[in-house]
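Since the structure comes first, as structure tokens, the remarks are kept for the end.
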Amino acid sequence: MKSIKLLVAIASAAVVAISYVGCGGGGRGTVVVGGGGGAVIQYPYETVYGDMCATYEATPGCTFSSVTGQRISVSADPEYDKYGYGSDDLWFVKFDSAGRAQVYNDLGNYQYSADVSDFAGWIGGEIIGVGTSGLFWEDTRNGTYWLGKNGVLYSANSGESNFGQAINNKDAGKASDASAAALASDSNKRLVTKAANKLIKEYQLSPGKAKAIASALNVFGVNASERGYATTKDVDQTFKSVFGVQYTEALSAVKSLQSGDTSGMKEITDRSASALGLKPHQAQKFIKGMYKKALASYGIDADMINW
């Protein structure tokens with residue numbers, strides 16, 4: 001059956017439920033806020049882990065492009081070409097072999113001395129960088145760096161492969177902060193409440209179950225929006241929270257339904273009903289309802305798929 005094949009494909013994607021609470025749809029560097037579809041806000045920067053930064057300027061905590069996922073270059077700095085001289089309009093820092101630094105203004109006049117530990121992203125010794133693996137660490141000894149408006153250091157070492165790129169990231173170890181802030185926002189809490197109320201009204205779920213489902217979908221949506229992708233673990237956890245059964249078991253049941261065997265879907269529906277505090281026919285309606293919009297986009301009426 002064509003409709004069942006499409007249902008399998010959609011179930012495999014496992015993202016259709018996100019549209020139900022209006023939290024998904026964002027690509028890299030986007031987040032959806034407000035109810036009723038909301039507005040998509042696009043931010044240009046993210047952390048090394050791919051978490052969105054709610055800032056329109058490069059900062060030591062946000063030095064990767066949300067479009068490409070790659071390190072930004074000095075030309076992204078707000079002070080770049082301020083006077084028409086490109087990177088020469090920025091202050092710069094010269095480190096010696098011991099990690100001591102001399103800071104100069106855009107005209108080359110000495111301003112003050114500093115230690116490598118005074119700069120954002122200091123790892124230890126003479127090292128500044130991102131994360132904990134050393135993959136993006138920079139040995140600053142005898143190096144020269146442009147000092148951006150918000151404390152971002154850009155390599156001014158013409159012989160290096162990362163010439164012109166940002167090297168430091170103050171908040172790389174706090175990758176969950178952006179998601180936590182988004183989830184805690186007042187607009188997001190209102191969105192979860194609105195979705196929970198809709199679940200109660202349409203499927204007779206208890207307030208507790210409805211809130212748990214809406215919250216799970218919301219977490220999935222916000223995280224996927226900020227990262228620009230969802231992991232298998234994200235899908236498994238969210239599916240279990242929403243339907244009360246394992247995703248792999250449900251997918252197997254749907255595949256059996258494709259060949260005309262309804263027993264698997266009936267069993268899954270009964271288990272889902274028990275987990276959600278619903279009667280079997282209510283659980284079936286809930287399952288269909290969560291996929292209804294996605295199926296409709298393929299010209300399929302969910303009510304025509306029965307088990």
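What about Ile300, is it of a type in the set (Val, Ile, Thr), more than 21 Å from Ile213 (Cβ to Cβ) and modelled with pLDDT under 90? Before the answer, list the steps.
Working: of a type in the set (Val, Ile, Thr): yes; more than 21 Å from Ile213 (Cβ to Cβ): yes; modelled with pLDDT under 90: yes.
For Ile300, the condition - of a type in the set (Val, Ile, Thr), more than 21 Å from Ile213 (Cβ to Cβ) and modelled with pLDDT under 90 - is met.
This table checks each residue for (1) surrounded by fewer than 21 Cβ atoms within 10 Å (Cβ to Cβ); (2) of a type in the set (Ser, Thr, Tyr); (3) at pLDDT 80 or above.
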position: Ala54; (1), (2), (3): yes, no, no
position: Gly61; (1), (2), (3): no, no, no
position: Ser65; (1), (2), (3): yes, yes, yes
position: Gly69; (1), (2), (3): yes, no, no
position: Pro78; (1), (2), (3): yes, no, yes
position: Asp81; (1), (2), (3): yes, no, yes
Q) Among the residues of the stretch 231-246, which ones are closer than 15 Å to Ile213 by Cα and in a helix (DSSP H, G or I)? A) Asp234, Val235, Asp236, Gln237, Thr238, Phe239, Lys240, Ser241, Val242, Phe243
Q.
Please verify whether Lys233 is over 24 Å from Ala195 (Cα atoms) and at pLDDT below 80, treating the condition exactly as stated.
A. no
Q | Criterion (aliphatic (A, V, I, L, M) and in contact with a helix residue (DSSP H, G or I) (Cβ under 6 Å, 6 or more places away or on another chain)) met by exactly one of Val74, Val116, Val67 | A | Val74
Q: Search the stretch 91-109 for residues that are on the phi < 0 side of the Ramachandran plot and pair each with any residue that is in a loop (DSSP other than H, G, I, E, B) and of a type outside the set (S, T, N, Q) when their beta-carbon atoms are under 7 Å apart and the residues are at least 6 apart or on different chains.
A: Trp91/Asp106; Phe92/Ala156; Phe95/Arg141; Phe95/Gly143; Ser97/Arg141; Asp106/Leu90
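The values are calculated or read from the model by the stated rules, or taken from the named source; none is laboratory data. What you see is a predicted model; the values in this text were computed from it and never measured. In this analysis, Cβ positions are derived from the backbone assuming ideal geometry, glycine residues included, and neighbour counts consider all displayed protein chains.
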